[in-house]
Number of protein chains: 2
Amino acid sequence: MIDPRTSVINERLSKVKRLIAVSSGKGGVGKSLIATTLALTLAEEGFKVGLFDLDFTGPSTHILLNAEKGLPEEDKGIIPPTVQGLQYMSLVYYSGENPAPLRGVEVSNALIELLAVTQWGELDFLVFDMPPGIGDVILDLLRLVTRIEFLIVTTSSFLAFETVKKQAALLCDLKVPIIGIIENMKITSNNNYVKVEAVKLGLKFLAEIGFDEKVELAIGNKGKLLETSVGKVLRQVVKENIM
Amino acid sequence: MIDPRTSVINERLSKVKRLIAVSSGKGGVGKSLIATTLALTLAEEGFKVGLFDLDFTGPSTHILLNAEKGLPEEDKGIIPPTVQGLQYMSLVYYSGENPAPLRGVEVSNALIELLAVTQWGELDFLVFDMPPGIGDVILDLLRLVTRIEFLIVTTSSFLAFETVKKQAALLCDLKVPIIGIIENMKITSNNNYVKVEAVKLGLKFLAEIGFDEKVELAIGNKGKLLETSVGKVLRQVVKENIM
């Protein structure tokens, strides 16, 4: 059975120049923080940028952006509200602060529905905050959306990187372009484990970001987010590897 | 349609005295570490303990336990191998180091299949390492397995705790027993935010665990894991709240 919504998805995204999925095999590595700060950094550079939170069962970019509640406007689809200069969309506009217990098929449905109805319009970049692991959202996104690039986030932890490796292997098998890998929340700087392993996997090691306790105080504040170590490193990554 | 496997699940678990799910709304908070160390701690106290890794799309307890590869034995079902003194089961025995991209319905199937065929036998405790968020595994487990208790893990991060709150709210709504909440990887000790909020939610605040960089070096080593701050605090939690 052909879902009529899937055929309109690439049409909906046709005026978006680049699609970047910020992803990790593992949760808690700072993926949402990096997706949000990357979007803000690109906007600071003068680009038109959208941010789409696809971590449906644990969304957090709305907290990072201090997004206001309230239903987005509709006009032949949903118009993403402008939040901190970004075109922004998240399931929390519809689920609010309530838990959103979603089964895989419902996750797929929410993804297809939001992709099919959101009117992103003209954008230079659309950044996706992906859920952790290799589940329905990533499988559907790869199936439904062409020309998507991945930015992979890990920490220095052996445990985190082992799961990240699995995701990277899957993306490589599927010939999905990977911009590179970022090592976040690094505490000891004399450990090159992630860099060495990333290169072995054929991935570009983009940057390491030191652990910065100012991040916690920057939540909800665009200016402060851009001044954390995450913001500073991403500015460099954007200039050297994304722009 | 009734799945014949679901009717045997509670029969399979009938000789397990207590079922404890270690859970978090968010990934990367140390859930697998705490599930594994909790199981090891209970075993050290002389109990018969099983550990079942249900984080199918990002399993890591096998790395923490340094579990050997190789297919488990079968005898009227699967016999969980004994690893570091625990009866142990994980999907990695079947997927190996390959990525396991699973859709929700496949996650449900893997869960039902493993619950239906694994011969846990007599156990004092069976500890489940849950996937992050509120997805198929938690919804199925609550549906299929009665008398399961939850232990909730968070970090001090506002972002982590906001997602944890949603999961706790869901469990409270469903009248699922919650042993309490553990605050992990705490860096600044003069912040009572999580404790205060946990009590507001009607949850018991069990303990805080300071960030311990020795954890990274303890991966794969039972003795070292039990000597980390995680092991030390869990010994106290087990004595005061679980035994």
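The values are calculated or read from the model by the stated rules, or taken from the named source; none is laboratory data. No experiment lies behind these values; they were computed from the predicted model shown. Cβ: placed from backbone, ideal geometry, glycine included. Neighbour counts: every protein chain shown. Please note that ligands, DNA and RNA were not included when accessible areas were found on the heavy atoms of the full protein model with its side chains. Shrake-Rupley method; radii C 1.70, N 1.55, O 1.52, S 1.80 Å.
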statement: A careful count of residues in the range B:28-54 that are part of a loop (DSSP other than H, G, I, E, B), open to solvent by less than 30 Å² (accessible area, probe 1.4 Å) and touching an Asp or Glu at 6+ places or on another chain (Cβ under 7 Å) gives 1
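Can you name every one of the helices (runs of 4 or more DSSP H) wholly within the range A:108-216 that holds 3 or more residues which are closer than 21 Å to A:Asp53 by Cα and either touching a Phe, Trp or Tyr at 6+ places or on another chain (Cβ under 9 Å) or open to solvent by 40 Å² or more (accessible area, probe 1.4 Å) (or both)? I'd like the intermediate steps shown before the answer.
Values: elements: A:136-144, A:158-173, A:193-200.
Answer list for the range A:108-216: A:136-144, A:158-173.
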message: Looking at (1) open to solvent by 30 Å² or more (accessible area, probe 1.4 Å); (2) more than 30 Å from B:Asp212 (Cβ to Cβ); (3) away from chain A (no Cβ under 12 Å), which one does B:Glu68 not meet, given that it meets all the others?
response: (2)
- prompt: Pick from A:Thr82, A:Thr57, A:Thr61: which is modelled with pLDDT of 95 or more and open to solvent by 30 Å² or more (accessible area, probe 1.4 Å)?
  reply: A:Thr82
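Using the structure shown, decide if B:Arg5 is part of a helix (DSSP H, G or I) and either surrounded by fewer than 24 Cβ atoms within 10 Å (Cβ to Cβ) or touching a strand residue (DSSP E or B) at 6+ places or on another chain (Cβ under 6 Å) (or both). Steps first, answer last, please.
On the way: part of a helix (DSSP H, G or I): yes; either surrounded by fewer than 24 Cβ atoms within 10 Å (Cβ to Cβ) or touching a strand residue (DSSP E or B) at 6+ places or on another chain (Cβ under 6 Å) (or both): yes.
Here the answer is yes, as B:Arg5 does meet what is asked.
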Residue that is nearest to A:Thr155 (Cα to Cα) [pool: residues in the range A:217-243 that are open to solvent by 20 Å² or more (accessible area, probe 1.4 Å) and in contact with a Gly (Cβ under 7 Å, 6 or more places away or on another chain)]: A:Ser229
Hey, B:Ser157 over 15 Å from the mean Cα position of the chain (by Cα) and within 17 Å of B:Ser24 (Cβ to Cβ) or not: yes
- request: Look through the range A:69-107, keep the residues that are without any contact (Cβ under 8 Å) to a residue 12 or more places away in the chain and in a loop (DSSP other than H, G, I, E, B), and return whichever of them is farthest from A:Gly223 (Cα to Cα).
  value: A:Arg103
query: Within the range A:71-110, can you find the residues that are more than 10 Å from chain B (Cβ to nearest Cβ) and among the polar types (S, T, N, Q)?
result: A:Thr82, A:Gln84, A:Gln87, A:Ser90, A:Asn109
